[in-house]
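J.: Below is one structure. I have some questions about it.
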Amino acid sequence: MIWDIIISALLVIGGFFGLVGSYGLVKLPDPMTRLHAPTKAATLGVGAVLLASMIWFPTQQGQVTWHELLIALFLFLTAPMTGFFIAKAHMHLGWDASELPRPAPDRNWATFASPEQDSLFDRRDAKDNCQPEN
């Protein structure tokens, strides 16, 4: 009985987050803010539904399955990266580098840097190579 309540609560929570994510995707004003709705709220909604499924199978069927855990792991690893790539594409298609907030002094947005400029990794490697060994 208690497991049914927990599973039902997780399904309702998952449905609520899915609804909020869908509403945000439709109603938020521009693509960069609309991007947060599915990557944040909908991911939590799907996570709650998958958690409910992970609880349901052992309590009702008597068997443990790894499918839901693997789906959740894949979802939580790929959703932030997908949001990042969509935001980066939007920056290239919709904005000029002068319209973005200025980064720290002597830095540049990596996505707008020319190939001749050193990246942060190049600077780090050069700094590491210059340090004397003990």
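The values are calculated or read from the model by the stated rules, or taken from the named source; none is laboratory data. In this text, all values refer to a predicted model and were calculated from it rather than measured experimentally. Cβ: placed from backbone, ideal geometry, glycine included. Neighbour counts: every protein chain shown.
J.: So, in segment 14-38, of the ones that are surrounded by 18 or more Cβ atoms within 10 Å (Cβ to Cβ) and either under 14 Å from the mean Cα position of the chain (by Cα) or of a type in the set (A, V, I, L, M, F, W, C) (or both), which residue ends up nearest to His90 (Cα to Cα)?
T.: Residue satisfying both the conditions and the ranking: Leu35.
J.: In addition: Answer with yes or no whether Val64 is surrounded by fewer than 17 Cβ atoms within 10 Å (Cβ to Cβ) and of a type in the set (A, V, I, L, M, F, W, C).
T.: For Val64, the condition - surrounded by fewer than 17 Cβ atoms within 10 Å (Cβ to Cβ) and of a type in the set (A, V, I, L, M, F, W, C) - is met.
J.: Would you confirm whether or not segment 44-62 contains a residue that is within 30 Å of Phe112 (Cβ to Cβ) and touching a residue at least 12 places away in the same chain (Cβ under 8 Å)?
T.: No, there is no match, as no residue in segment 44-62 is within 30 Å of Phe112 (Cβ to Cβ) and touching a residue at least 12 places away in the same chain (Cβ under 8 Å).
J.: Let me ask something else about it. Suppose we filter Gly83, Gly47, Gly15, Gly24 for residues that are under 30 Å from Asn108 (Cβ atoms) and in a helix (DSSP H, G or I); which single one remains?
T.: When all the criteria are applied, what remains is Gly83.
J.: I'd like the residue in segment 91-115 that is over 22 Å from Pro31 (Cα atoms) and modelled with pLDDT of 65 or more and, out of all such residues, is surrounded by the most Cβ atoms within 10 Å (Cβ to Cβ).
T.: Among residues in segment 91-115 that are over 22 Å from Pro31 (Cα atoms) and modelled with pLDDT of 65 or more, the one surrounded by the most Cβ atoms within 10 Å (Cβ to Cβ) is Asn108.
J.: Let me ask something else. Mind counting the residues in segment 95-113 that are part of a loop (DSSP other than H, G, I, E, B) and of a type outside the set (Asp, Glu)?
T.: Going through segment 95-113 one residue at a time, the tally reaches 11.
J.: Restricting the search to segment 77-102, which residues are over 17 Å from Leu35 (Cβ atoms) and in contact with a helix residue (DSSP H, G or I) (Cβ under 9 Å, 6 or more places away or on another chain)?
T.: Passing the criteria: Asp96, Ala97.
J.: If I ask for residues that are among the β-branched types (Val, Ile, Thr) and within 22 Å of Ile2 (Cα to Cα), which ones from segment 55-92 would you list?
T.: Across segment 55-92, the qualifying residues are Ile55, Thr59, Val64, Thr65.
J.: Being out of contact with any helix residue (DSSP H, G or I) (no Cβ under 9 Å at 6 or more places or on another chain) and not β-branched (Val, Ile, Thr) narrows it down to one residue among Pro31, Pro105; which is it?
T.: When all the criteria are applied, what remains is Pro105.
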